[in-house]
Structures are given as C-alpha cells and as structure tokens.
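Here is the structure we will look at, set down as structure tokens.
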Amino acid sequence: MRKSVKVATVVAIVLLAGCAGKTEKKIALRPNTPLTQAPPAMVASAWSMMTEQAALQNGVEQKLVEAIIAVESGGNPTVVSKSNAVGLMQIKASTAGREVYRARGRAGQPTKAELRDPVKNIDIGTAYLRILQRQHLAGIRDPKTLRYATIVSYANGAGALLRTFARDRSQAIAMINALSPEAFYQHVQKNHPAPQAPRYLWKVTTVYRTI
C-alpha cells in the first residue's frame with residue numbers, strides 16, 4: 001500500500017471517529033470555507049470509497065462530488081453552517097434534502113443526525129447533483145458547461161442561474177448551448193446576481209483540477 005493511501009485512510013478514520021464522538025457540540029464554520037482540514041487530494045482520497053459508490057449509484061462524476069466536499073467542508077463531517085447546512089456536502093435539509101426525499105418518494109426531509117452521517121450525507125448530496133443535472137439543467141449538451149452549471153446551481157439554485165439567460169427555461173437552455181464552456185464561465189462571473197456564485201464556481205473548479 002502506498003504511503004499516500006495509508007495517510008488518506010488514517011485521515012478518514014480520524015474524521016469518522018470525530019463524527020461519532022461528538023453527538024451534541026458541533027463545529028460551526030463558514031459554509032464555503034475551502035480546504036479547512038487537508039489538501040484537496042487528501043480530502044478526496046479520505047472519502048473516495050463513499051464518493052465512488054454514491055457517484056456510481058447516481059450517475060454523477062465522482063471527481064465533482066469530491067471537489068464540492070473539499071470546498072464545502074474541507075472533509076470535516078461535523079461542520080454546521082450558520083444557515084444550518086450540515087456535513088461534508090453542506091446540505092440544507094429543508095431544500096436539497098427535501099428535494100431528494102421527494103424524488104425518492106419519501107415525505108419530509110433528512111434529520112440532522114442523517115446529514116451528520118458521512119455515508120448518508122454524500123448519498124443525499126450526490127443524489128441532489130443528479131436532480132440538478134437530470135431535471136433542472138437537463139438539455140445542456142456540453143459536459144464541461146453542464147459541470148459549471150451544476151456547481152453554480154448547487155450553491156445558489158438552478159433557477160437563479162437560468163434567469164441570467166432568460167425567464168423561459170427552454171430559451172435559457174438554448175442560449176447556454178450556444179455558448180462555449182469558457183463563455184458560459186465568463187457569463188456567470190459577470191452576470192450572476194449572487195456575489196458568492198462566481199467565487200464558488202472558481203473555488204470548486206480550481207479544486208476539481210487538482211484532484
């Protein structure tokens with residue numbers, strides 16, 4: 001076993017132990033503070049068995065899931081934001097969590113205990129990425145553009161992104177397909193109404209390229 005794999009395994013064990021050992025007191029960090037625990041490649045390796053399984057089950061790129069984890073929580077499963085986004089993928093139970101439950105035919109929304117569980121958090125977060133790609137962003141043809149659109153939508157919603165092109169969804173998708181991935185990226189940087197959206201796209205894309 002290579003040394004890097006051993007180190008990653010130790011990181012995963014330590015993080016899981018920390019998650020299991022703290023039942024009440026949680027660490028509150030800013031939701032988009034990147035890389036708080038380890039370099040992106042180590043974060044990706046630490047959770048790779050879980051991200052691989054979730055990515056395969058949901059038909060989502062594993063590397064994208066890992067980049068989002070690195071940016072959202074730095075690989076720390078105990079993180080809870082001020083807006084109650086929980087765990088590795090910083091999932092809000094009342095929005096993304098509820099939407100995943102609804103897609104799976106379940107009522108209600110995930111509990112905080114579920115979202116603190118790394119396996120369930122990654123599963124729900126990856127399922128939400130699938131919903132974004134297969135429903136809200138369906139029709140975007142270029143894989144790179146779709147990845148950019150998914151990243152922005154994960155943080156700020158698909159509706160806000162599409163409305164920067166047109167109010168009509170079909171028209172917005174057609175306008176996106178007329179752009180190159182690079183032009184789409186620049187459009188987000190210049191036109192998205194949420195100031196954090198361009199930064200978030202840059203952060204996740206930068207991490208994506210390093211893992």
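Give the residues of region 153-185 that are hydroxyl-bearing (S, T, Y) and open to solvent by 60 Å² or more (accessible area, probe 1.4 Å), sorted by residue number.
Passing the criteria: only S170.
I'd like the full set of residues that are touching a residue at least 12 places away in the same chain (Cβ under 8 Å) and more than 21 Å from the chain's Cα centre (by Cα), limited to region 188-203.
Answer for region 188-203, where residues must be touching a residue at least 12 places away in the same chain (Cβ under 8 Å) and more than 21 Å from the chain's Cα centre (by Cα): just N191.
Under 7 Å by Cβ, and 6 or more places apart or on different chains, what pairs join a residue from region 168-187 that is closer than 15 Å to A138 by Cβ with one that is basic (K, R) and not in a helix (DSSP H, G or I)?
N177/R141
Looking at (1) more than 14 Å from the chain's Cα centre (by Cα); (2) open to solvent by 40 Å² or more (accessible area, probe 1.4 Å), which one does R130 not meet, given that it meets all the others?
(1)
The values are calculated or read from the model by the stated rules, or taken from the named source; none is laboratory data. This structure is a prediction, so every number in the text was calculated from the model and none was measured. Cβ: placed from backbone, ideal geometry, glycine included. Neighbour counts: every protein chain shown. Remember, those area values only see protein heavy atoms, side chains included, never the ligands or the DNA or RNA. Shrake-Rupley method; radii C 1.70, N 1.55, O 1.52, S 1.80 Å.
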